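Below is one structure, written out as structure tokens, with a few remarks after it.
The values are calculated or read from the model by the stated rules, or taken from the named source; none is laboratory data. For clarity, every value in this text was computed on a predicted model and none was experimentally measured. Because the Cβ atoms are built from the backbone with ideal geometry, glycine has one as well, and the counts that use them run over all protein chains shown. Remember, those area values only see protein heavy atoms, side chains included, never the ligands or the DNA or RNA. Shrake-Rupley method; radii C 1.70, N 1.55, O 1.52, S 1.80 Å.
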Amino acid sequence: GIPLSKILAVGSAHDRPLAIPTIENIPAALTAEIRKMLADKGYDNSHMRAYLKSIGIDPDIPEKEPYITWREKINLMARGRYRLKGQTSNHKRFAVERTNAWIKSFRRLRFRFDYSILSFTAFLNLAFVVICIRKLIP
């Protein structure tokens with residue numbers, strides 16, 4: 001749950017194209033220690049999996065299910081061929097969501113009062129420092 005890297009983009013940008021540049025911003029010494037990368041279904045594509053494997057990281061990304069309508073789900077459930085999802089291998093994703101919540105706990109970052117990217121970056125870096133101090137020093 002400690003932030004390792006960041007990349008800034010406009011608020012309407014999708015996360016998937018930013019994932020690989022964010023991973024590339026992680027220092028090489030830390031990248032060598034990372035064994036598994038958690039992600040949600042939004043990052044499920046062959047390019048992301050191949051990139052992570054090329055740098056020696058095992059991707060823990062659940063695969064997307066094929067789209068079926070709710071009516072088809074009800075019919076399949078009635079015949080016992082469809083079950084509601086249980087716990088997946090991605091059950092430790094709460095650490096990522098908790099870190100995002102820690103960042104959002106800083107009011108200035110949550111509501112984006114700053115119009116300058118420089119001041120926003122400075123407050124984001126300050127938030128990372130505070131999070132690391134709270135996490136690493138008991």
Among A122, A78, A50, determine the one that fluctuates most according to a GNM of the chain built with springs between C-alpha atoms less than 10 Å apart. A78
With the cut-off at 20 Å, tell me which of the pairs K41/K104; K6/K104; K104/K135; K6/K135 have Cα atoms farther apart than that. K41/K104
Accessible area of Y51, 1.4 Å probe, to the nearest 10 Å²? 40 Å²
Expected vector for the range 126-134, Karplus 3J(HN,Hα) from phi with 6.51, -1.76, 1.60 and θ = phi - 60°, integer Hz, x for Gly and Pro, equals 5, 4, 4, 5, 5, 4, 5, 5, 5
For the range 109-123, just list the computed ³J(HN,Hα) in residue order, Karplus coefficients 6.51, -1.76 and 1.60, θ = phi - 60°, integers in Hz, with x standing in for Gly and Pro. 7, 5, 9, 6, 6, 7, 8, 8, 5, 5, 5, 5, 5, 5, 5
How large is ³J(HN,Hα) for each residue in the range 69-81, as worked out from phi by the Karplus curve 6.51 cos²θ - 1.76 cosθ + 1.60 (θ = phi - 60°), to whole Hz, x for Gly and Pro? 6, 5, 5, 5, 4, 4, 4, 5, 5, 5, 8, x, 9
By how many degrees, between 0 and 90 and to the nearest 10, does the Cα long axis of helix 94-104 differ from the longest principal axis of the chain? 40 degrees
Computed from the beta carbon distance with a Förster radius of 35 Å, FRET efficiency for L118 and D58 to the nearest 0.05 stands at 0.40
Extension gain K104-L30, at 0.36 nm per residue separation less the Cα-Cα distance, in nm? 24.2 nm
